[in-house]
Structures are given as C-alpha cells and as structure tokens.
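This report refers to the structure that appears directly beneath it.
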Amino acid sequence: MTPTVEGWTGLGRAGEPPADESERPDPWSGAAERVGDYLRAMGVIDAFELELLGARVRHRLLARMASAEVEDPLEAAIEEVNGLLDEWLDGELGMAGERHTLLAARAAVLSGAAPGWTARFAGVAGESIAGAIRAATAQPTPEPAMLDMPPSPILLCCYGVRQRIAARLRRLVVGRAPTSPHP
Amino acid sequence: MSTPQGRGVPGHHYRRTVYFSLVLLTTLGAMILLSASFQEGGIRALELLMLVLYAILILWISASFWTATLGFLLLLRGRDPYAIATAGREPVSEGSEAFKIALVMPVYNEDPARVFAGLRAMYQSLVETGKHEGFEIFILSDTRDPNVWVQEELLWRQWSVELGRPSRVFYRNRVENTSRKSGNLADFCRNWGGRYRYMIVLDADSIMSGDTLVELVARMERNPGVGLIQVPPVPVNHSSLFARMLQFAGSLYGPMFAAGLSYWQLGTSNFWGHNAIIRVKPFADHCGLPRLPGKEPFGGDILSHDFVEAALLRRAGWRVWLAYDLGGSYEEVPPTLIDYAKRDRRWCQGNLQHSRLLLARGFKPLSRVHFAMGVMSYVASPLWLLFLIVAGFAAYLQSLERPAYFFGHNLFPVWPESYAVEMTTVLFVTLAMLFLPKILALVLLAARPRLAKRFGGLSRASLSVVIESLLSVLLAPVLMLFQSKFVLAILLRQNVGWPTQQRGDRGTGLAEAIGAHAYQTLIGVATGLVAYYYVPSFFPWFTPVLAGLLLAVPVSMLTSRTSLGRLARRAGLFLAAEESARPRVLQLLDQQISAPPAPPCRGIEGKDPWLRAVVDPCAYALHSSLLPEQTPSRRRRHYLEGLIFQLQDEGAETLSAGEKRALISHRDGLFELHELLWSGPRAPVDTARD
C-alpha cells in the first residue's frame, strides 16, 4: 500500500491541552511507533532493518536524555533518526562534515536510487555502497565560472530635457546657484 | 571588453538601398494617389490628418509587403550569397570537447512536465546526431509557485540521475526573480557564463532539433565576429482551430517573411528572445541591461529585453544574424484568441517601452528600425482605429455637402468624377499589399510540388489560405480594439505585471468570451447604427470591420475549439508542413509527453507537491539539498514562525502561494517544520505496516 499524505487535521493545534503525563509510560514507547513510521516513509520497509534501526535510535535518544533535558522526546527521536542517517552517510562516503554533499547524498539515498542502501544503513549488508550513492547524487549546478556583466549604459536622448531646460532658465534668471553651506 | 573581428558584411548597403527605396517609393506613390483624390480647393484639416495617418500606415504595410516579396524572390532563387549559411571561411574547431555549449531554458511557473519533455526531446535529438558531447542543459527557474517549484526539482533529479556522470543537466531556482527573464539570464551569465562559449536560449515551449543546434554552433565557429544567430521558430503542436490557423500561416508564410527580413537586415538582424545561439562572453560584456530612468511602464526594468540585447551587441560591433534557412526550430502559439490577446498585452508594454530607445545614443540605424517596428506593431492598431474614425467622420461631412462621396443607394463611393480612379486605386493597392504575400506563398508552393504535398496539396492549401484570409478579416478588428486598449492602458501608466502564460489547448467558455469581447460587440453595434443612420452609403464599406466586432464572441469561442481544429485537419485544411510530416524532434516530444518518466520520491503520494517537500523525507531531502545556504534574518524568522502558527491553527488552505513558498525557502526553517510535523500528535503521513 502506498502511504498517503494526510490532511492537516492530523497536526497538533496550538491551544490543545497537552497529553496527560501519566498516560506516557516512557519516552521511547511514545516515540517508537512514530520512529517506525518515519523510517518507513524514508523507504526502510524490512522488519528486521526497522528493528535494528529502531534500537539504535532508542539508544541515541536515551543517551541524549541522560545527558541533557529533552523537551519533546518525539521531536528528539525524529532528530536522532536524521542524525543517524547523516552519520552513516558521513562514514560511508568518507565526508568530513561537508553539509552540501551530505544533503545531496541524503537526497540520493532517500530517492531510492542507491539500491540496498537500507540494509547497509541498518548494518546488515557488509559491502560499501559509496559508489552507488555517489553515482546517484545529482549535481544541481556546475562549479561557478563567473563573468562580469555590468549594466551597459544607455543614454536616452531626451530624458530630463524639461528639467535641464528649466534649470538653465533658472540659472539665467536667478543667476548662479548658491553653493551648498554644507562641506 | 571583448571586441569582434572581421570585415564588413557584403551586400549591406546595396540591399538596404533596394529595400528602403522600394518601401519609400511605394509609400510616396500611395500618398500621391490619396492626396490627388481629395477634392480641389486645398486639403482640409481632416484630410491632412487622414493623409498623415495613411502615410504612417502604408509605410508599415509597405515594409511588410516588400519584406515578403524580397523573401519570395530569395526563396524562389534558392540561394543567398550573403546569408550566414554561406558566410565565414574559417575552419570549424576540431572536436567539441574544447568548449561547452549551454542550452538554457528560463522558466517561470510553467508546466514542469512539458518543460522537461521538451528538453528531453531536444537532448535525445542531439544524442542522435552523435555530436552532443559539449552540450549541457541549464534549467533557469524563476518559478514562484511552490508546487511547480517542487515538481521541477523532482523531474530534474530524475533526469539528472538517468544521464549519470558527468552531470549534463543543471537546475537552479532563483531566490529573487529580479529583472524577470533578462535578470534570470544575466544571473546565469554572472555565475556560470565563464564555463560556456555559447548559450542557446530557449523558451519554455521551444523545441530545436539536434541538427539545428549542431549547425548553429558550427556557424558561430566559422564566424568569430558573430554574437548571435536567431533561428525563426515555426509554431506547432496545438489543435484548436485558432492555433492551427496560426500554425498554418506560420509554416506557409513564415519562411518567406524570414527570408525577406534576412535579405535586408543581414548582419544587423534581431533577437526574438529564444531559439537563438549567443556568444556568451560578448553578451556578458555588453548586454547587461540598465534600468531605464522613470517609473513603469516606460521606465524601470527593460521588459522586451531581446531587441535591446541585439542592439547592444551591434553597438559593440558584434553581428546578429537571422538563419532563415535553418529548419528544426519550433515554438507554440497561444491556443485561443483571448490567450493571444493576453500575450499581446505583455509584449505591448515591452515594445512601447522601446520608443524611449529610438533616439538613444550609439545604436546602429537598423537597430533603431527594429525598435520602431516593434513599437509600430502595436501603435498601428490605434492608428487604424483613428483612421477609420476620421474617414467615417470625413464621409459624414462630405455627405452633407455636394458633391458627396456617398449618397443614395450606391454600393461604391461616388468620388468626384476625376478622382474616383485614384481613390479606388489607393484602396486596391492597400488591399493588394496586404494579401499579395499570401498569393506569393502559394506561388512558391506551386513551384515546389513536394513542399505543396506537405501542405495537403496546392488546392487544399489555396482553400486554407482563402479561409485563413476571411478569418483574419474577422479577427483583425477585434485585435485592433484589443491592442488599442492595451496601448491606451499603457499610456495611462497601467503596469502589466508578469502573469504566467497559458500554453495548453483549452476551449473558451461563453462567460469568458463575453467578458473579453462584450465591449467590442457593443462598439460594433453602436458604430454600425451610427454609420447606418448618418452615412448609409459608407455602411457597406464598413461591414467587414463591423462583422468582426459583432461576431467577436462566437468567433472567439468557435476558433478555440480543438474539435473544429481536428475536423479541419481531417478535411486537409490548415495542414502545416510540420503536421503532415512530423519532424523527428517533435516525434520525440510526443513520446516524452505520452510516456513521461516516473519522478522520484513516489513513496508518499499527496495532493500538493509543496506539502511533500515538507513531510515526505525523500522530497524534503531533495528540496533541502537544492536550497541556498542562507540564514534568515531575525525579522524573516519571526515571519516564518508566524506562518507555522498559521499553518497549525488555521490549516494549509489559508496560506497563499507566496507564504507556502516562504515556508519551504529556508533550509533551517524547513527542517524545523519537517520535524515539528513528524513529532505532532499524529504522523503527517499514513505509512503502510506489514
């Protein structure tokens, strides 16, 4: 079945009362299902891969919660999924935090153009798919090759003629314009 | 700044002397006939006004007539010793690796599927030539509609991955679309122009065959002093009766007019905005457009940039040619009369703005002629209108006196005895100059039976010309009123804006037709009544104009119908050469349109593509990767936060297109929104679970 975008009615509305704290057993159990949804939306559909990745996200989330206060565990969990993906891509492609390349690589794998990426991401496939990712990475623009393109002056024939004639007449009648008092 | 080298173009002086002499002598002859037909006793004020108006109008008609006639002779002869096709003796560069050529397509809220289908067809056609190595494709998006923007990105990504490495197809969306299309091209030149020796500028509906693209590059290489070569595009692809009529006319008469233009313009031809190859460095050096002093519509950004860019290239000494002999260049025309008028509205402002450049310093005389012709193509309509009003009023005054031009039930005007011949001659000379080019085109067909076959045979082509002429007579007064209204609106300083063009086939509905043509019909009724009661003998002469106005609504609706267009095609009418023998590149376009490639990020299907760029991790990642590295200002951030609150509180449907675009325009803001939606009480997408 193809996932479909739901209406915005599914979103939280400002002013809605927060969920009862007692109904939340622990941060991960509240986030697990959503993390699964998110991974599936990313293209991870294999149950084993989902389980492995879910466990890693859980680990990262709990570690984060242990070291700092987390306002919204669900939001933090989604962040951790993206963080996990970025770290994996960084390692897979040997990038040194190049943001633009990372974003392009993310677009490449999520578009499904690098076959087998989910298995590699989940750590169940041994062979590197860096080549496939690079091949699937689209370059939006070439390296800049700048040219200077200054506006070419176009001297209009009669622009401001009225003002110029008026100014000359003024000068004739009034005499030389007084110099500005300001330096 | 780069400067061209090379000798002067042979034939320039001779041909221009011939052409302008013919135009001026014809105008003078017609004026002598008209002034002779006025009554004795000196020319009155009204007659003088008629004479002046007629002089301007006949000059315009005569220029067009001689262009067509000279073009006819050139085509009949079969070769032009001075044309760009034969010019240049320098050898072509070895191989195409040495330099690159950009196929640039500026787009603005166009149908992305059609844009990419066209580009893919052209690229495939290039590949079939085997000489595609140096070519790269650049989609220069100025699109503001967030849905179209995201679709463009998805289709670009799909194609880019298909073509593999090294990348050959590039895409960028401008953050601010300053100076519209000319600003878009200038932005390309400033950022990437140094990578390319040539750029071939396309419109969103342009199609050019691979052979033509390769030949254009070869001609530029052979002629290092040439800055631009324009290939006249032939209108194709639409099915409405109106469009098929234009396509037929463009296909039959177009080559003759293009040859005629090339005859007298030679190396000072014009740029038509697209389907042209441009030498990038001189273009960047000389064609940066300034803002004109004063306010819009006559000041500000130069709207019709093409004429000005050609003039600037010529001012700097670079030649501009029209390759009338090259086929394989196509475009699409507006499908209906109303769409045609809307396009005219945009072009009208740009062309009238050129009136300020007529006497600007430094331009070549022929560049000034181009500006004047551009202005005249719109000013001619109000001048015709004025001429008709003055002629009608003069006829009324004459009817009050004796001798009268019109009285009783005479069908023909009764001129003072000795001048009737001259007046009738004026009328027939004018009509002949308007219709003779159509007959010349048929003579060309008669001389080339193989070509005639592609138009459905000489008899069907002749019948089509007759029907086209009749329909043109009906449409002319409607267009005259449209254009007069546009000119008036611009003179009253009303700005046109930058509306998106309607390119696809669609029928005109009754409400739309009434909305657009009701005032024309009313003018027709009022004028008809006035003419009938006050100048009854003038009335029959006025009927072609009245008929056009009175029938504006039904004619507009009927000609917009694709069913009538197809019916005409089945009857072999308005058969353009490109319809009967579909060129390969157009076949490729058909294939692309009928079987479009599946874009990526199909895991989540939603109604609005912009929404997918927010919630679908795939579309989000792609869109995010294409956004520029930009940190929004504090003020901007507050604005975006406000929009997010609006989205949450009131729903996406309350956001305007501009607000949706703003929400997906900043990488950090988009990331926050993406996470916010995924961490809401419910997932923004319903993903399948096994």
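The values are calculated or read from the model by the stated rules, or taken from the named source; none is laboratory data. Note that the coordinates shown come from a computational prediction; the quantities given were computed from them, not determined experimentally. Positions of Cβ are generated from backbone atoms using ideal geometry, with glycine treated the same way; all protein chains shown enter the neighbour counts. In case anyone asks, the SASA skips ligands and DNA or RNA and just uses the protein heavy atoms, side chains included. Shrake-Rupley method; radii C 1.70, N 1.55, O 1.52, S 1.80 Å.
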Some residue of segment B:173-186 being at the interface with chain A (Cβ under 9 Å from one of its Cβ atoms) and over 25 Å from B:Pro597 (Cβ atoms): yes
Members of segment B:656-686 that are in contact (Cβ under 8 Å) with a residue 12 or more places away in the chain, at the interface with chain A (Cβ under 10 Å from one of its Cβ atoms) and buried (at least 17 other Cβ atoms within 10 Å of the Cβ): B:Arg667, B:His674, B:Leu676, B:Leu677, B:Trp678, B:Pro684, B:Val685
Cross-chain or 6+ apart pairs with Cβ under 9 Å, segment A:128-147 first and more than 11 Å from chain B (Cβ to nearest Cβ), then of a type in the set (D, E, K, R): A:Ser128/A:Glu92; A:Ser128/A:Arg120; A:Ile129/A:Glu92; A:Ile129/A:Arg120; A:Ala130/A:Glu92; A:Ile133/A:Glu92
Test: residue in segment B:330-341 that is in the same structural domain as B:Glu579 (by TED's automatic domain parsing), open to solvent by 30 Å² or more (accessible area, probe 1.4 Å) and in contact with a His (Cβ under 9 Å, 6 or more places away or on another chain): yes
Among the candidates A:Ala96, A:Ala122, A:Ala113, A:Ala132, residue that is more than 21 Å from B:Phe138 (Cα to Cα), of a type in the set (Gly, Ala, Ser) and touching an Asp or Glu at 6+ places or on another chain (Cβ under 6 Å): A:Ala122
Any helices (runs of 4 or more DSSP H) falling wholly within segment A:4-115 and containing at least 2 residues that are basic (Lys, Arg) and modelled with pLDDT of 90 or more: A:27-42, A:47-67
Residues of segment B:292-316 that turn out to be within 20 Å of A:Leu147 (Cα to Cα) and part of a loop (DSSP other than H, G, I, E, B), as a count: 1
Residue match in segment B:597-620 (condition: open to solvent by 10 Å² or more (accessible area, probe 1.4 Å), small (Gly, Ala, Ser) and either over 28 Å from B:Arg120 (Cβ atoms) or part of a helix (DSSP H, G or I) (or both)): no
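Matching residues to (1) in contact (Cβ under 8 Å) with a residue 60 or more places away in the chain; (2) open to solvent by less than 50 Å² (accessible area, probe 1.4 Å); (3) of a type in the set (A, V, I, L, M):
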{"site": "B:Asp505", "(1), (2), (3)": "yes, no, no"}
{"site": "B:Thr508", "(1), (2), (3)": "yes, yes, no"}
{"site": "B:Glu512", "(1), (2), (3)": "yes, no, no"}
{"site": "B:Gly515", "(1), (2), (3)": "no, no, no"}
{"site": "B:Gln520", "(1), (2), (3)": "no, yes, no"}
{"site": "B:Gly524", "(1), (2), (3)": "no, yes, no"}
{"site": "B:Gly528", "(1), (2), (3)": "no, yes, no"}
{"site": "B:Tyr534", "(1), (2), (3)": "yes, no, no"}
{"site": "B:Ser537", "(1), (2), (3)": "yes, yes, no"}
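With the requirement that a residue be among the aromatic types (Phe, Trp, Tyr), within 13 Å of another protein chain (Cβ to nearest Cβ) and either open to solvent by less than 10 Å² (accessible area, probe 1.4 Å) or over 17 Å from B:Ser182 (Cβ atoms) (or both), what does segment B:269-325 give you?
Those that are among the aromatic types (Phe, Trp, Tyr), within 13 Å of another protein chain (Cβ to nearest Cβ) and either open to solvent by less than 10 Å² (accessible area, probe 1.4 Å) or over 17 Å from B:Ser182 (Cβ atoms) (or both): B:Phe283, B:Trp318.
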Whichever residue in segment A:102-127 is within 9 Å of chain B (Cβ to nearest Cβ), open to solvent by 10 Å² or more (accessible area, probe 1.4 Å) and free of Cβ contacts under 8 Å to residues at least 60 places away in the same chain and, among such residues, is farthest from B:His623 (Cα to Cα): A:Ala113
Filter result for B:Leu640 (crowded, with 18+ Cβ neighbours inside 10 Å and closer than 24 Å to B:Leu155 by Cβ): no
Residue that is farthest from A:Ala47 (Cα to Cα), among those in segment A:113-170 that are within 41 Å of the chain's Cα centre (by Cα) and of a type in the set (Val, Ile, Thr): A:Thr141
